[in-house]
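This report concerns only the one structure given below.
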Amino acid sequence: MTQHTHPALRGLGSCLRAVGALWFFSGAVAHSTPAAEPARLMFDDFSYADAAALQAQGGWRMRSAAGHPGVPQARWAPEMVDVVADPQHGAQRWLRLRAQTDGTAAGTQQAQLCHARKYLEGTYAARIRFSDAPVSGADGDPVVQTFYAVAPLRHDFDPEFSELDWEYLPNGGWGSDKTRLYGISWQTVRLEPWAAYNQSHEEFGSHAGWRVLVMQVAQGRTRWYLDGRLLAEHGGRNYPVVPMSINFNLWFSPGGLLPASTQARAYEQLVDWVLHVPQQTLSTEAVLAQVQALRQQGVSQRDTVAPAQPPLPSSCDF
């Protein structure tokens, strides 16, 4: 368990889940404001001096291992993850993920950041800035901007695979050119040839700008909120069954890159903060009140969620 003060003072089975769900929803489905700070939470507003502190102080890992998802043979580049100052409030900082491509696999770098694999039921939330256009180069590559929780796929159709996934596709991807935001609850998948079992919701149109994403996971259901608006509810066999890691990544959907060019196209995704509260379902309003309360206390990072026993590798370890 770790705690960091803001520099500017600003194997779980269905029976266990069923028992926990009774306690979850005993009068605590959605709170307008938090009565008190939860006994356990993970909060991070990424107010670190540099990227090295993400791991040393916050327990984050930058991915370097090759593999799914994204462009085959592209590089997952740790240097594409850093922290930057808010240009209007210099004491506040943001997590920044970058990805770039020249249209070739060798010229493509993608970014992924992973936290510990110890999260299951409760509330997941993040404030993220999505973008529709690259920060440099031509527009049109199928970039994917994400916030998600995941357990590793050990083999095809792994029954313990679990994933809850927000994906924003401003230039389309996954076989469609439509701009859309996905909310996806996964049961399992086979990568080659592709066969997936999940429930998804597609919110069409641009979602560029700062957005607050919330997932409530309890009593066999996942609920998906965008800026306080309920978009979807999933359940049944698509409910997560094992502890997951919290992740952000920025990558390119395979098969749709613009033609190769000497000028690389670069995209960015910014994250203001991330919050997880186990065993409680918080409304978006309650999430924002909790974040504000932590910042008013001068807390920029706090993690009182117990690690999994035995410790589990995160998705950046594969």
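The values are calculated or read from the model by the stated rules, or taken from the named source; none is laboratory data. Predicted, not measured: the structure shown is a model, and the values here were computed from it. Positions of Cβ are backbone-derived with ideal geometry, glycine not excepted, and every protein chain shown enters the neighbour counts. SASA here: full protein model, heavy atoms, side chains in, ligands and nucleic acids out. Shrake-Rupley method; radii C 1.70, N 1.55, O 1.52, S 1.80 Å.
Consider G70 against the criteria (1) in contact with a Ser or Thr (Cβ under 6 Å, 6 or more places away or on another chain); (2) open to solvent by 10 Å² or more (accessible area, probe 1.4 Å); (3) part of a loop (DSSP other than H, G, I, E, B): it satisfies all of them except one. Which criterion is unmet?
(1)
Hey, among the residues in region 104-122 that are of a type outside the set (S, T, Y) and outside any strand (DSSP E or B), which one's surrounded by the fewest Cβ atoms within 10 Å (Cβ to Cβ)?
A106
Among the residues of region 243-281, how many are open to solvent by 10 Å² or more (accessible area, probe 1.4 Å) and outside any strand (DSSP E or B)?
Result for region 243-281: 14.
Could you check region 162-183 and list, in sequence order, the residues that are open to solvent by 60 Å² or more (accessible area, probe 1.4 Å) and either in a strand (DSSP E or B) or among the hydrophobic types (A, V, I, L, M, F, W, C) (or both)?
Selection gives W174 alone.
Let me confirm something: among L288, L294, which residue is open to solvent by less than 40 Å² (accessible area, probe 1.4 Å), at pLDDT 95 or above and either assigned to a helix (DSSP H, G or I) or under 23 Å from E167 (Cα atoms) (or both)?
Just one listed residue meets the conditions, L294.
Given the structure, is G209 in contact with a strand residue (DSSP E or B) (Cβ under 9 Å, 6 or more places away or on another chain) and modelled with pLDDT under 95?
no
Name the residue that is modelled with the highest pLDDT, counting only residues in region 219-238 that are open to solvent by 30 Å² or more (accessible area, probe 1.4 Å) and among the small types (G, A, S). Break it down stepwise before answering.
Of region 219-238, the ones open to solvent by 30 Å² or more (accessible area, probe 1.4 Å) are 219, 221, 223, 225, 227-230, 233, 236-237.
After this cut, where a residue has to be among the small types (G, A, S) as well, the list is 228, 236.
Values: G228: 98, G236: 95.
It comes out as G228.
May I ask you to verify whether W186 is assigned to a strand (DSSP E or B) and farther than 16 Å from T284 by Cβ?
Yes.
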